[in-house]
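Shown next, in structure tokens, is the structure this report addresses.
The values are calculated or read from the model by the stated rules, or taken from the named source; none is laboratory data. No experiment lies behind these values; they were computed from the predicted model shown. When we count neighbours, we look across all protein chains shown, and the Cβ atoms used for this are built from the backbone with ideal geometry, even at glycine. These accessible areas exclude ligands, DNA and RNA; they are computed on the full protein's heavy atoms, side chains included. Shrake-Rupley method; radii C 1.70, N 1.55, O 1.52, S 1.80 Å.
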Amino acid sequence: ELYSSTREREEDMSSFAPAAKRSKTGAKASENGEAFPDIGPIVYKPDAKADDLLCFRYYNAKEKIHGKTMEEWLRFSVCYWHTFRGTGADPFGYPTLIRPWEDGDNPMEIAKARMRAAFEFFSKLGIKYWTFHDRDIAPEGDTLEETNRNLDEISDLALELQKKYDIKLLWGTANLFAHPRYMNGAGTNPDPHSLAYAGAQVKKMLEITKKLGGVNFVFWGGREGYQTILNTDVKRELDHMAALFRMAVAYKEKIGFTGQLLIEPKPKEPTKHQYDYGLFQGAAGVEIVCDVIVLIVEQMPRLLLGF
């Protein structure tokens, strides 16, 4: 049961994979189908006053610096999970964000309405890229097959909207941390069933990222680590994680995905020690995927100035 979908327990999942619930507001989209009917495109307005809202006073996307526009230098993207799946909750309270498009009982129809609202948001904000986890855009089904069908259907809509709004996928990734099956890791999980499920998710998301023209594919190992060294076989777990990376690289090449594979290292989020952070600290593990997987650091926005 642990490895199947847990629809009945989805409400207890983190804000990174919240269940769709019936809106208590009864709010709907406008008559023309817009989710944000009273908001137009956000434009550059250098002479903006204090009461001028929803405009860019300093950021001019079309300004050229050293032969490139600012939007080329700074490839801003909207992260789907925080922006459209976050609930506004913290450890001390209930969700505070009410989404009008979340109204209904059919998870797939809600996912489609959410996707349309998201691309309207991207377009009006002037953002050219977006990013997502698999579970952000499509609900998990009762079986892996149903889950993959859901992802296929929603990604078809995403591809249609990307073309409509001229927006690209900066990167896709698999959510290998929210479901209880990944409590003890994904690639490093001692249970072979969890490891196999993680591999299946990565495989499918590589296909979806390629389908949507993704520039990159990200691995975030939030559960790949340990809380205490006393019951941890570090070498075995690192070997297992390396095996998952090698399989991902092999499948990437098999399907012809030309995007870059990235590892996102974070210290202590949520494990006491995370293996990908260790890779960032030293070169010992980098040879596992040399020249194919590179490291990215979320905590250093100043790197934007050096790219």
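Go through (1) within 19 Å of G141 (Cα to Cα); (2) in contact with a helix residue (DSSP H, G or I) (Cβ under 6 Å, 6 or more places away or on another chain) for G187 and report which single condition fails.
It is condition (1) that G187 fails.
Just to check your reading of the model, which residue among T188, T209, T131 is hydroxyl-bearing (S, T, Y) and assigned to a loop (DSSP other than H, G, I, E, B)?
Every option except T188 fails the conditions.
Step by step: first the residues of the range 250-282, then only those that are closer than 17 Å to K204 by Cβ and open to solvent by less than 20 Å² (accessible area, probe 1.4 Å), then the one that is modelled with the highest pLDDT. Which residue is that?
Step by step, filter the range 250-282, then rank; the result is F257.
Is at least one residue of the range 145-159 within 29 Å of T232 (Cα to Cα) and open to solvent by less than 20 Å² (accessible area, probe 1.4 Å)?
No - not one qualifying residue is present in the range 145-159.
Only one of (1) touching a strand residue (DSSP E or B) at 6+ places or on another chain (Cβ under 7 Å); (2) farther than 20 Å from E145 by Cα is not met by V234, so which one is it?
Unmet condition: (1).
Applying the selection to the range 81-102, what residues are of a type outside the set (F, W, Y) and open to solvent by less than 30 Å² (accessible area, probe 1.4 Å)?
Passing the criteria: R85, G86, T87, E102.
Pairs only if they're at least six apart or on different chains, beta carbon under 8 angstrom, first in the range 106-119 and in a helix (DSSP H, G or I), second of a type in the set (F, W, Y) and open to solvent by 10 Å² or more (accessible area, probe 1.4 Å); list them, first residue then second.
Within 8 Å, the pairs are I110/W101; A113/W101; R114/W101; R116/W101; A117/F36; A117/W101; F119/Y165.
Starting from the range 136-165, take each residue that is aromatic (F, W, Y) and list its partners that are in a loop (DSSP other than H, G, I, E, B), counting only C-beta distances under 9 angstrom and pairs at least six apart or across chains.
Here the result reads none, with nothing in the range 136-165 linked to a residue that is in a loop (DSSP other than H, G, I, E, B).
Would you be able to tell me the number of residues in the range 47-68 that are open to solvent by 100 Å² or more (accessible area, probe 1.4 Å) and on the phi > 0 side of the Ramachandran plot?
2
Tally the residues that are without any contact (Cβ under 8 Å) to a residue 24 or more places away in the chain and over 14 Å from G185 (Cα atoms), restricting the search to the range 232-257.
Residues in the range 232-257 being without any contact (Cβ under 8 Å) to a residue 24 or more places away in the chain and over 14 Å from G185 (Cα atoms): 4 in total.
Kindly list, by first and then second residue, each pair from a residue in the range 74-101 that is among the hydrophobic types (A, V, I, L, M, F, W, C) to a residue that is part of a helix (DSSP H, G or I) and crowded, with 16+ Cβ neighbours inside 10 Å, limited to pairs with Cβ atoms under 6 Å and residues at least 6 apart or on different chains.
V78/F122; W81/D136; F84/R114; F84/A118; W101/A113; W101/R114; W101/A117
For the range 191-206, which residues satisfy the criterion of being part of a helix (DSSP H, G or I) and either within 14 Å of V249 (Cα to Cα) or open to solvent by 10 Å² or more (accessible area, probe 1.4 Å) (or both)?
Correct list: P192, H193, L195, A196, Y197, G199, A200, V202, K203, K204, M205, L206.
Go through the range 28-80 and give me each residue that's within 24 Å of R116 (Cβ to Cβ), assigned to a loop (DSSP other than H, G, I, E, B) and hydrophobic (A, V, I, L, M, F, W, C).
A29, A35, F36, I39, I42, V43, L54, A61, F76 - these are the residues of the range 28-80 that are within 24 Å of R116 (Cβ to Cβ), assigned to a loop (DSSP other than H, G, I, E, B) and hydrophobic (A, V, I, L, M, F, W, C).
With respect to the numbered conditions (1) assigned to a loop (DSSP other than H, G, I, E, B); (2) aliphatic (A, V, I, L, M); (3) surrounded by 24 or more Cβ atoms within 10 Å (Cβ to Cβ), which one is the sole condition not fulfilled by A178?
Going through the list (1) assigned to a loop (DSSP other than H, G, I, E, B); (2) aliphatic (A, V, I, L, M); (3) surrounded by 24 or more Cβ atoms within 10 Å (Cβ to Cβ), A178 breaks only (3).
Only residues that are under 27 Å from G40 (Cβ atoms), of a type in the set (D, E, K, R) and either open to solvent by less than 10 Å² (accessible area, probe 1.4 Å) or touching a helix residue (DSSP H, G or I) at 6+ places or on another chain (Cβ under 9 Å) (or both): list them for the range 103-141, please.
Within the range 103-141, D103, K112, R114, R116, E120, K128, D136 meet the criteria.
In the range 213-249, how many residues are buried (at least 19 other Cβ atoms within 10 Å of the Cβ) and within 20 Å of L195 (Cα to Cα)?
Number satisfying all stated conditions: 17.
Does the range 18-28 contain any residue that is at pLDDT below 90, out of contact with any strand residue (DSSP E or B) (no Cβ under 9 Å at 6 or more places or on another chain), loosely packed, with under 14 Cβ neighbours inside 10 Å and among the hydroxyl-bearing types (S, T, Y)?
Yes.
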